[in-house]
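The structure appears below as structure tokens.
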Amino acid sequence: MPKLVDHEQRRRELGEAVWRVIRRNGVEAASVRKVAQEAGWSAGALRHYFSTQSELLTFAMQMVVERIEVRVGALEPPADPREAVEQRLHELLPLDKERRAENEVWLAFAGRALVDPQLRARHEEVDEELRRACLGALEELGSAGRLRPGLDLELEAERLHGLLDGLALHTAMRPDRMSPRLIRSVLARHLDSLDPAENGR
């Protein structure tokens, strides 16, 4: 009986090999040949799944997105709206080993996307999804009365989005300084600044 091959699992193995190469040697080193070598495959076998480096990198980038989505989907949100929003936003930040690895890979893709049209298109889609997630979080806080009245939600979504990106970049560049406690505190302070209950104290 012929051996059954789980093609999706094999694609994920390749995606994880891309991650290892990028974290060790940078995104420029993640060629089809190098990734095949990392995964213990021949370049020809790899090309049955991904014909170009761009396809390979796009898939590995999508793996980051899917891992975040799985984690967020598995959350059991607390009753307090503010705590629930913070809980979700924490999943987007590099607060542990797994999320720091995702962050390093994501930032490498972001740099590569500047010169790779295929990666850029996907990066822009995901970036817009993140902006909408920020807007949704603010709308949720507003509906619960945890947002100061009169705020421009679109502008505040851009500000929150920029804060998340900045924390991610700073953590990648200065992991010794950006502890999980500091990251959480910066986000909490920002949300406090939007909360009428906190500002009334």
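Seen from TRP41, the other residues with C-beta closer than 13 Å to its C-beta sum to a net charge of +2, counting Lys and Arg as +1 and Asp and Glu as -1. Charged neighbours of GLU86, selected by a Cβ distance under 12 Å, balance to -1 (K, R count +1; D, E count -1). For the pair segment 134-178 and segment 1-62, the centres of their Cα atoms are 34 angstrom apart. Placing unit charges on the Cβ atoms of the charged side chains and taking the dipole of the chain about its Cα centre, the candidate lying farthest along the positive direction among TRP106, CYS134, ALA39 is ALA39.
For segment 1-81, a simple Cβ point-charge model (Lys and Arg +1, Asp and Glu -1, everything else neutral) yields a dipole of about 480 debye relative to the Cα centre.
The eigenvalues of the Cα gyration tensor, multiplied by 5 and square-rooted, give segment 99-178 an equivalent ellipsoid with semi-axes of 27, 17, 9 Å from largest to smallest. The calculated Kirkwood hydrodynamic radius for the chain is 18.6 Å, given to one decimal from all distinct C-alpha pairs. Protein-only accessible surface at a 1.4 angstrom probe places the residues ASP152, ASP96 in the order ASP152, ASP96, largest first.
Simple spin-label estimate for GLU125 and TYR49 gives 2.0 nm between the two label positions (7 Å along the Cα-to-Cβ direction from each Cα). Note on GLN37 and ARG177: with the Förster distance fixed at 22 Å, the Cβ-Cβ geometry gives a FRET efficiency of about 0.05.
Note on surface exposure: LYS97, LYS34 rank LYS97, LYS34 by accessible area, highest first, 1.4 Å probe.
Averaged per residue, segment 38-160 has 50 square angstrom of accessible surface, using a 1.4 angstrom probe with ligands and nucleic acids left out.
The values are calculated or read from the model by the stated rules, or taken from the named source; none is laboratory data. Remember, predicted model here, so these are calculated numbers, not experimental data. Positions of Cβ are generated from backbone atoms using ideal geometry, with glycine treated the same way; all protein chains shown enter the neighbour counts. Ligands, DNA and RNA are stripped out before the accessible areas are found, and what is left, the full protein with its side chains, is counted by its heavy atoms. Shrake-Rupley method; radii C 1.70, N 1.55, O 1.52, S 1.80 Å.
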